[in-house]
Amino acid sequence: MTASGRSAPAGRGAHINPPNRFNRVHAEDDLAHCEHDEELLAARDRPPTEYLADNSRTVVTENDSPDVSFRFSINPYRGCAHGCSYCYARPTHEYLGLSAGLDFETKVFVKHDAPALLREFLGRSGWQAETIVMSGVTDCYQPAEREFRVTRGCLEVLLEARQPVGIITKNALITRDLDILRKMAALGIVHVAVSVTTLDAELARTMEPRTSTPAARLRAIESLTEAGIPVRLMTAPIIPGLNDREIPALLNAGAEAGAQSAAYTLVRLPLTVKPVFLDWLDRSLPDSRERIERLVRETRGGKLNNSQFGERMRGSGEIAKQIRRVFQVFAARYHLDGDLPEYNRAAFRPPKPVNGQMRLF
């Protein structure tokens, strides 16, 4: 329930739209004149997901962050209906003139041309088949993928080119594409990282409202492993005072499901992620809010975020060190402290252009 006593947006991680940091004017709803209009208020409590066309003319992005293990990535969608309250990607919606709150999870931009743009990118002369990661920002298997199948279209191009790819997701929808992923695994060109943040289904439902349940994600790891696909368990993000105590159980569950490796990151609350996450704590865990915020600050030098390279993914201070030690001990115990197999880059071959004309050189 909101402060006004009426229900809040159902199935959404954010219940607010914090001001866009780039806009000079911010509109606030004034519903005093329609407080008795139950139909209007009910519609506001169930904001639909809008899908908008993204007409970007490039689809592969490049980063040079020393904290990120990959250089190239593809994000078929902007915004994400999963609605994770802690999602570090939320502020990217502000570049579109929208909010990092409800807008981020209800206004999703679809890159319909992504497969064709990817084909064009991989056909460039001089491309050396460096690993490309899908979902460096938003989840490529979010609910939109059921309808638009952009991710599957990209995978078809990647398979044709025998291009190494890493996939990060927290949605069991990935098992729909086992037919493609199995072929990629046989060529040694695919890794999958499945994020399991908690084993508590109720916590997941409120914190990550439109993701697959924890049990479904673990079943996805089983299915991927049985298909011969190398899988890494991502216990990410770790939120001090909330799910850090689950690290041993998460690693055990991942190992039993067949994961070969594991990794984690500490929660990051940059810019307008902060008000969304703190609002979620106020609503969902009011008795624990102060303690969780204090522990997060202890891992970030007294702040809620530290963007400094070398610390932003792992944090600093005694709490961060303790989390790191616990993770290392149990990753070793469950044989998840190794790496996944090397990609086979030698198999790469440029895909055929859309017009069917092959390159001469």
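Only the coordinates and a few stated rules stand behind these numbers; no lab work does. All of these numbers come straight from a predicted model, not from anything done at the bench. Here the Cβ is made from the backbone with ideal geometry for all residues, glycine too, and neighbour counts use every protein chain on show.
Tabulated data
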{"quantity": "Rounded to whole Hz, the Karplus (6.51, -1.76, 1.60) HN-Hα couplings of region 202-207, x for glycine and proline", "calculated": "5, 5, 4, 5, 8, 7"}
{"quantity": "Calculated from backbone phi, Karplus (6.51, -1.76, 1.60) coupling profile of region 259-274 in Hz, x at Gly/Pro", "calculated": "4, 9, 8, 8, 8, 8, 9, 7, 4, 10, 10, x, 6, 7, 5, 3"}
{"quantity": "Among 313-326, 337-350, the order from most to least packed when residues are scored by Cβ within 10 Å on average", "calculated": "313-326, 337-350"}
{"quantity": "Euclidean distance between Cα centres, region 53-106 to region 289-354, Å", "calculated": "19 Å"}
{"quantity": "Degrees between helix 289-298 axis and first principal axis of the chain (Cα, 0 to 90, nearest 10)", "calculated": "50 degrees"}
{"quantity": "Net charge over other residues, Cβ less than 14 angstrom from the Cβ of Val296 (K, R count +1; D, E count -1)", "calculated": "+4"}
{"quantity": "Value of [θ]222 nm, deg cm²/dmol, for the chain, DSSP H segments ≥ 4, -39500 (n - 2.57) each, nearest 500", "calculated": "-9500 deg cm²/dmol"}
{"quantity": "Long-range amide H partners of Ala193 with built H, under 5 Å", "calculated": "Ile167, Ile168, Thr169, Arg232"}
{"quantity": "Dipole axis of the chain (+1 Lys, Arg; -1 Asp, Glu on Cβ), positive-most option in Thr169, Ala116, Ala89", "calculated": "Ala116"}
{"quantity": "Of Lys107/Lys352; Lys111/Lys170; Lys111/Lys274, those spanning more than 24 Å from alpha-carbon to alpha-carbon", "calculated": "Lys107/Lys352; Lys111/Lys274"}
{"quantity": "Under 14 Å, Cβ to Cβ, from Arg219 - net charge with Lys/Arg +1 and Asp/Glu -1", "calculated": "0"}
{"quantity": "Radius ratio Rg over Rh of the chain, counting only Cα atoms, Kirkwood formula for Rh", "calculated": "0.98"}
{"quantity": "Test item: Cα-centred dipole of region 49-265, Lys/Arg +1 and Asp/Glu -1 on Cβ, debye", "calculated": "360 debye"}
{"quantity": "Rounded to 10°, Cα long-axis angle of helix 150-161 versus longest principal axis of the chain", "calculated": "20 degrees"}
{"quantity": "Other-chain or far-sequence residues with amide H under 5 Å of Ile238's (modelled H)", "calculated": "Thr265, Leu266, Val267"}
{"quantity": "Region 197-238-region 109-132 distance, computed between alpha-carbon centres (Å)", "calculated": "28 Å"}
{"quantity": "Contour minus Cα-Cα distance for Val354 and Ser69 (0.36 nm per residue)", "calculated": "99.5 nm"}
